[in-house]
Amino acid sequence: MKGYIREYIYSKSPGTYLILNRISSDKLRLSLIDALFCMPSKLYELISSVYNDPITTNFIFKNLILKPITFKLEINIDVEDLYQAAIEGKEKFIDLIRKGGIRLREQSINC
């Protein structure tokens, strides 16, 4: 799953991926994709601090980072629902993804 998300983001906007991955590694001490699963709300805050514009932040977070997850779900879950769960924290986010039928390895989300 992580590889799929990484490839999706990179294929759509390589520069954005590289910038956010570097900043996430520096500030959160996790790659962009690891931060998504370990601290999604902090990742959102980080993106917000980089772009300092809620429209851009929401576009990047929803359409580049969360949207590829919706493609892999067995049950239709809207990106808005994933967004709300991510903002609320890791547990809600991971629970919603699992309810959608995605099996995540414990090692992938133990941070």
task = Could you please let me know if residue 67 is of a type outside the set (A, V, I, L, M), in contact (Cβ under 8 Å) with a residue 12 or more places away in the chain and farther than 22 Å from residue 96 by Cβ?
result = no
query = Restricting the search to the stretch 55-85, which residues are surrounded by 14 or more Cβ atoms within 10 Å (Cβ to Cβ), farther than 19 Å from residue 8 by Cα and of a type in the set (A, V, I, L, M, F, W, C)?
reply = 85
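Kindly establish whether residue 68 is within 17 Å of residue 4 (Cβ to Cβ) and either out of contact with any helix residue (DSSP H, G or I) (no Cβ under 9 Å at 6 or more places or on another chain) or of a type outside the set (Val, Ile, Thr) (or both).
Criteria met by residue 68.
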query = In this structure, does residue 104 turn out to be crowded, with 16+ Cβ neighbours inside 10 Å and not small (Gly, Ala, Ser)?
reply = no
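Computed from the coordinates by the stated procedures, all read-outs in this text should not be read as laboratory data. From a predicted model like this one, the values you see are computed outputs, not experimental measurements. Glycine gets a Cβ as well: all are built from the backbone with ideal geometry, and neighbour counts include every protein chain shown.
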